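*Asks:* Structure provided below as structure tokens; questions to follow.
The values are calculated or read from the model by the stated rules, or taken from the named source; none is laboratory data. Since the model is a prediction, treat every value here as computed from it, not as a measurement. A quick note on method: Cβ atoms are made from the backbone with ideal geometry, for glycine too, and the neighbour counts reach across all protein chains shown.
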Amino acid sequence: MDILVQPLNRVIQAEPGANLLEALLAAQVPMSYSCMSGRCGTCRCRVVDGDVLAGGGIDQRPLDVQDSEVLACQTYVTEPCTIRIPEPDEVVVHPARIVKASVAAIEDLTHDIKRVLLKPAKPIEFSPGQYVQLQFGPDLSRPYSMAGLTTDGQFEFHVRLVPGGRVTGYIADQLKVGDAVKVSGPLGSAYLRRKHAGPILCVAGGTGLAPILSILRGIAAEGLASDIHLYFGVRSPRDIYGSDWLAALQTANPRLNVHVVVASGGDPGQHRCGLVTQAIEEDHPDLTGWRAYLCGSPPMVEAATQLARQRGIAPDHIYADAFYSQGN
Ligand code: FES
């Protein structure tokens with residue numbers, strides 16, 4: 001049975017009932033994948049023509065699978081079809097694994113955000129912008145994004161304490177240096193695209209700064225020469241953090257522009273006040289040719305996604321990671 005793979009314009013063969021990701025990999029089609037279980041979203045592709053039998057994602061961080069998009073690892077081929085794979089020159093393959101780690105440090109970043117450093121027993125390769133599932137104990141499991149790079153040899157996470165939250169309450173009150181944590185991943189498709197040399201829009205809301213820092217650090221490590229505009233949105237002045245890290249990144253890369261935007265209680269003499277989306281609207285009438293990385297609360301990510309599209313960024317070039325609170 002023929003599967004036409006776009007944009008490569010290649011026809012590959014698969015048996016009826018074959019798993020789509022396995023068929024693509026067997027034919028050496030450049031495909032990103034990680035978990036093989038519908039959790040990470042890296043294997044998503046679009047069905048342009050024909051019918052397939054598609055399963056969904058089962059991640060705790062819901063996957064934003066759009067109409068006609070499928071997760072190739074959860075999809076079975078039932079008739080000849082045409083598939084469009086994303087960015088064949090930006091393939092990321094980090095087979096997901098489970099690794100034991102121990103807590104190396106816990107520090108306060110703000111009144112309600114902690115920085116947690118974990119030392120893994122074995123390295124887990126990941127791309128800047130990805131996340132993992134952390135398990136602190138039975139039924140104490142949440143996804144968190146890395147703020148650093150694989151080469152750090154340790155994981156850095158920024159955890160906002162949710163009032164009354166079970167898992168974040170555990171992290172605040174009981175987790176201590178030396179404790180064991182199970183790390184599984186990496187997951188997530190909002191990772192740094194290394195081949196893009198044009199301008200980049202980064203939008204971080206609250207602890208969405210963690211994956212954005214990872215992306216900025218990845219850009220610095222790769223020596224990518226892009227103009228970058230970071231909009232970091234916080235609720236109030238006391239929620240600002242990471243200023244020293246951002247200043248260091250700016251010193252190393254003068255093409256990085258940092259805009260901290262305070263939603264309420266900001267001093268107009270000191271802060272840019274309002275919403276991140278308002279600030280972007282004011283600064284950038286046209287974003288054609290840009291790529292966008294958007295990380296934070298679902299309403300912020302949704303509003304920023306809409307704005308990015310309205311201002312000309314192609315939907316396939318908007319990489320979004322919405323942090324769902326999961327009632328924790
Ligand atoms: Fe398919 Fe992770 S490899 S969702």
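*Asks:* Determine which single condition Leu230 fails, assuming it passes every other condition in (1) more than 19 Å from Glu90 (Cα to Cα); (2) among the hydrophobic types (A, V, I, L, M, F, W, C); (3) not in a strand (DSSP E or B).
*Replies:* All conditions are met except number (3).
*Asks:* I'd like to verify a number: residues in the stretch 179-202 that are within 22 Å of the chain's Cα centre (by Cα), more than 16 Å from the ligand (Cβ to nearest atom) and either of a type outside the set (A, V, I, L, M) or surrounded by 15 or more Cβ atoms within 10 Å (Cβ to Cβ) (or both), how many?
*Replies:* Adding up the residues that qualify gives 13.
*Asks:* If you go through the stretch 164-178 one residue at a time, do you hit one that is assigned to a strand (DSSP E or B), surrounded by fewer than 23 Cβ atoms within 10 Å (Cβ to Cβ), at pLDDT 95 or above and among the basic types (Lys, Arg)?
*Replies:* The answer is no; no qualifying residue exists.
*Asks:* From (1) out of contact with any helix residue (DSSP H, G or I) (no Cβ under 7 Å at 6 or more places or on another chain); (2) surrounded by 17 or more Cβ atoms within 10 Å (Cβ to Cβ); (3) assigned to a helix (DSSP H, G or I), pick out the condition that doesn't hold for Thr277.
*Replies:* All conditions pass for Thr277, except number (1).
*Asks:* Moving on to the next point. With respect to Tyr241, is the statement that it is within 16 Å of the ligand (Cβ to nearest atom), closer than 26 Å to Gln133 by Cα and out of contact with any Asp or Glu (no Cβ under 6 Å at 6 or more places or on another chain) true?
*Replies:* no
*Asks:* State the number of residues belonging to the stretch 1-45 that are away from the ligand (no atom under 14 Å from the Cβ) and more than 13 Å from Val91 (Cβ to Cβ).
*Replies:* 19
*Asks:* Is there a residue being at pLDDT 90 or above and hydroxyl-bearing (Ser, Thr, Tyr) anywhere in the stretch 29-38?
*Replies:* For the stretch 29-38, residues at pLDDT 90 or above and hydroxyl-bearing (Ser, Thr, Tyr): absent.
*Asks:* Next up: May I ask you to list the residues in the stretch 142-160 that are in a loop (DSSP other than H, G, I, E, B) and modelled with pLDDT under 95?
*Replies:* Hit for the stretch 142-160 is Gly153, nothing else.
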